[in-house]
Amino acid sequence: GKEKWPRGDEKVWKEGSRSVNTDVSSVTKSIVNHVQTSLARQAYNLDNLGAYQAAALSVRDDLILNWNETQMHYTRKAPKRAYYLSLEFLMGRTFDNALLNLGLKDQYREGVTKLGFNMEDLLEQERDAALGNGGLGRLAACYLDSSASQELPVWGYGLRYQYGIFQQLISPEGQQLEQPDPWLAGGENPWELPRLDVSYEVRFYGTAERLPDGRALWQGGQEVLAVAYDVMVPGCYTKNTNNLRLWESKPKRGFDLNSFNAGDYEHAVESSNSAAAITSVLYPNDHTCAQSSISTLGKELRLKQQYFWTAASLADIVRRFKNIGKPFSEFPDYVAIQLNDTHPTLAIPELMRILIDEEEIPWGKAWDIVTNTVFYTNHTVLPEALEKWPVPLMEHLLPRHMQIIYDINLYVVEPSVEKKFPGDRDRLARMSLIEEGFPKQVRMAHLACIGNRKVNGVAELHSDLVKTTILKDFVEFEGQSKFSNVTNGITPRRWLDQCNPELSALISKTLKVDKSVWLKDLDMLKGLLPYAEDAEFRKEWAAIKQRNKERLAHHVETTLGLTVNTNAMFDVQIKRLHEYKRQTLNILGVIHRYLTLKQMSAAERKKVNPRVVFFAGKAAPGYYIAKLTIRLIVNAARIINADPDTRNLLTVYFLPDYSVSLAEVLIPSSDISQHISTAGTEASGTSNMKFCLNGGLLVGTVDGANIEIAEAVGENNVFFFGHLTPAVEDLRYQHMYHPVPVEEKCPALAKVLDKISGGMFGDGGVYEPLLNTIRQNDYYLITEDFDSYIGALEMVDQAYLDKEEWIKKSIRTTANMGKFSSDRAILEYAESFWSIEPVKVT
Ligand code: 73E
């Protein structure tokens, strides 16, 4: 029935209510309004930054209307919801994305122009929200976009770090320098709503005393406040605007008045500082678990972050569930919780604690609820990345959770393993939640795996590896059906429409379908296939690639003052620096190419196709070998780019401070991109999908999602090389026990290494530790793959000679990338895991 109007005169309320700005004149009105009131400025003293702020505030108003309606609607309908817990959300910029999703880009462009500004300039004013390290954080951001676009009731939960991923500078010697990223320092962030009224207390330390009824009393220690900030996530061409709730830590009481009154100011603010520290900075290590790379205190702070965030999120989820007034036995019918890697695994013991200690639910029932609510995604099988926490630290910081973890071991793991594999003590030790040693450690992947309904990997090969390596025992124990695959995806809104507007327009024109349709049904790209045969279409396709190259060249020119040869093939490798990703293989290949060019006659060189190689990526601040790789790239680039013999044919750039926004310029410009991890090490990769969606061809190993991309676009449209996953273990064994010198195994590579040692790129000694990783163990198999890598790049050169055929490959690649939309991925999660359905806001 019709609801009663809650207060005052309904007519007055209705008259006062505004709607989303949809035409140019309401857009300009709203912008001018914000200039005058929110910013207290005028046309006379308004710069690009001010104009951006006013325009952003105007879009913010639109988003708030949709967001509000969406949240109301979800609350009224009370559908089952899914919660995506991720310690990282690598959102990048929001302004352009919001305008495109709202379908208001043209109106704003026109409005902004009328006010005397240039839209592109305004877009450049926004700082990236860089609350993530790389693929894992960007995946979370793509999934939020897809959830909203598919009208699914999904919320994200994360942390509102004061400092995002560090900014990268490159010193004159070619070394990475780190600088803080105070992304919020510019004043108010228009994309978030501070919800100072939504807050929870989170406890650390103290004592946990078991009570006779099975509950425990956790008391004392330190209490801090978690305060909510809601980030609006607009869906594409829908009113649905979802929520990303980020927590900020605050001291529970301003400061300690006893110390203050006694004149001890340092102690007075100590506890308030330590509370604020929890959400102050994103940890910049990907693929290394905290205890191997950081100090004891740094370790503790990371664990504090994880608990602070899971505790606040669960308190919020439980409170929302209680508001609908159902019994806890129905919790899994209303709530699904997805763990993005093991970082939020404490959600399992925390939900147990809430159910047992606060809701007085018996242990077995609580365990049932937890294991029907929680889902776990694994993102890596690299041993050094598997999270483990020292038992003494866990006991000290989270005494009640340590008890619960021991209980899970005692009541779940031990009896059922014993029942299924009687007397198999080795198996029990392998599977235990606690690893023996000094100190003992809690294995978070085991806890995540045992305490949930479904486990998935992020590409077919990776999901198989999860089942046959790190969680093998658990598959034998729990059966195959709990373990599955959801291949990652990327949002075509940001990674095609936003970053490559010309290509998007050409696609709409060619398919004769509005982008609001095909952007949400990406398999429609298949309709481009026949046009590969259309010479006129190919010309347009190639012209767009060319303009994107020029756009990148312009960017490099204005930011770094370097001139880029836009007639060359653009060859791009952009990702976190890591030995397993093998940027080293790439730069060694570049040097090999340089040496080859140097030996050619002038006539021979005439036949060579010019190439520009781009690198970008950050190294974890404590990762010595990765930093040395950057140094080699920068110094090799300096020498190679300065050589008049080869300069027209080969140049190399390391673009500092890689970011989402930089990726948006680089990706549409690539002819080829490199995804060359040692087989079996890159779980999925997602930039590979972005490049291919934009018509760049893939050079890569048979690894991660490369495999499925090749299946989709056709193997003749990718350049594969290198050993396959099953060979890797044997090769590593041989390297350990029957080492063969590089000179014998791979003479071409040996020559490259010698040139570097010999000082071709500055003091050779500097690079010895890096070169020795190859000469000695060569764990990532550079010597094994080098020749076939060079072979693949020769194939690329061959193929590029036939320009028309190359463009056909490019078109066919884009046309076959529909599968890799994050809409497909999020619908798989929604249907097969979470059992949630779209809830459209009308
Ligand atoms: O292959 C990528 C994958 O595409 C994988 O390396 C990355 O996740 C992407 C999205 O699924 C990833 N990041 C981390 N582990 N895997 C990680 C580990 C610790 C801290 C931060 C990130």
In whole percent, how big is the carbon plus sulfur part of the accessible area of the stretch 477-575, probe 1.4 Å, protein atoms only? 54
Rounded accessible area per residue of the chain, 1.4 Å, Å²: 40
Over the chain - Rg/Rh using Cα atoms and the Kirkwood inverse-distance radius: 0.97
Scanning the chain for GluC sites (Glu not before Pro) in DSSP loops with at most 10 other Cβ atoms within 10 Å, what's the longest stretch left with none? 4-435
Summarise the accessible area of the stretch 82-189 (1.4 Å probe, protein heavy atoms) by the percent that is carbon and sulfur. 47
Rounded, prolate or oblate (a/c below 1.5 giving rounded, otherwise prolate when a/b exceeds b/c) for the stretch 58-175 by Cα gyration tensor: oblate
Given a Förster distance of 25 Å, report the FRET efficiency between Asp797 and Glu502 from their Cβ-Cβ distance, rounded to the nearest 0.05. 0.40
Taking each full run of DSSP H in the chain as one helix, which ones are at least 30 Å long along their axis (Cα atoms) and have mean Kyte-Doolittle hydropathy of at least -0.5? 296-323
Trypsin sites (Lys or Arg not before Pro), restricted to the stretch 617-694: which are DSSP loop and have at most 16 other Cβ atoms within 10 Å? Arg647
Length gain on complete extension for the stretch Leu169 to Ser484, per 0.36 nm per residue less the alpha carbon to alpha carbon distance? 109.3 nm
Looking at this model, which pairs from Lys80/Lys472; Lys549/Lys581; Lys388/Lys467 are more than 22 angstrom apart at the alpha-carbon? Lys80/Lys472; Lys549/Lys581
Helix-derived mean residue ellipticity, 222 nm - over the chain, DSSP H n ≥ 4, -39500 (n - 2.57), to 500: -14000 deg cm²/dmol
What FRET efficiency would be calculated for the residue pair Val12, Gln36, taking the C-beta separation as r and a Förster radius of 35 Å, to the nearest 0.05? 0.90
Could you tell me, in Å, what Rg and Dmax come out for the Cα atoms of the stretch 585-673? 14.4, 47
Förster radius 25 Å - calculated FRET efficiency between Glu201 and Ser280, Cβ distance, rounded to 0.05: 0.85
Charge dipole of the chain built from unit charges on the beta carbon (Lys, Arg +1; Asp, Glu -1), centred at mean Cα; most positive-end Cα among Asn33, Val608, Val660 is Asn33
Which pairs, out of Lys304/Lys326; Lys607/Lys803; Lys105/Lys515, put more than 20 Å between their alpha-carbon atoms? Lys304/Lys326
How big is the charge dipole of the chain about its Cα centre, in debye rounded to the nearest 20, if each Lys and Arg gets +1 on its Cβ and each Asp and Glu gets -1 on its Cβ? 1220
Antiparallel as a % of all DSSP beta bridges within the chain, to the nearest 5? 45
What does a probe at Ser516 reach in the stretch 95-128, counting residues whose amide N is under 14 Å from the point 7 Å along Cα→Cβ? 100-107
With Kirkwood's inverse mean 1/r over C-alpha pairs for Rh, give me the Rg to Rh ratio of the stretch 558-806, two decimals please. 0.93
Selection from Leu398, Pro422, His73, by position along the positive dipole direction of the chain (Cβ): His73
Decide, for the stretch 392-470, between rounded, prolate and oblate: order the square roots of the alpha carbon gyration tensor eigenvalues as a ≥ b ≥ c, take rounded if a/c falls under 1.5, and otherwise choose prolate if a/b is larger than b/c, else oblate. oblate
Of every hundred units of 1.4 Å-probe accessible area on the stretch 266-307, the number belonging to carbon and sulfur atoms, as a percent, is 57
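The values are calculated or read from the model by the stated rules, or taken from the named source; none is laboratory data. Worth saying up front: this structure is predicted, and the values here are computed from it rather than measured. Don't worry about glycine lacking a Cβ; one is built from the backbone with ideal geometry, like all the others, and counts go over all protein chains shown. Surface accessibility is based on the protein's heavy atoms, side chains included, excluding ligands, DNA and RNA. Shrake-Rupley method; radii C 1.70, N 1.55, O 1.52, S 1.80 Å.
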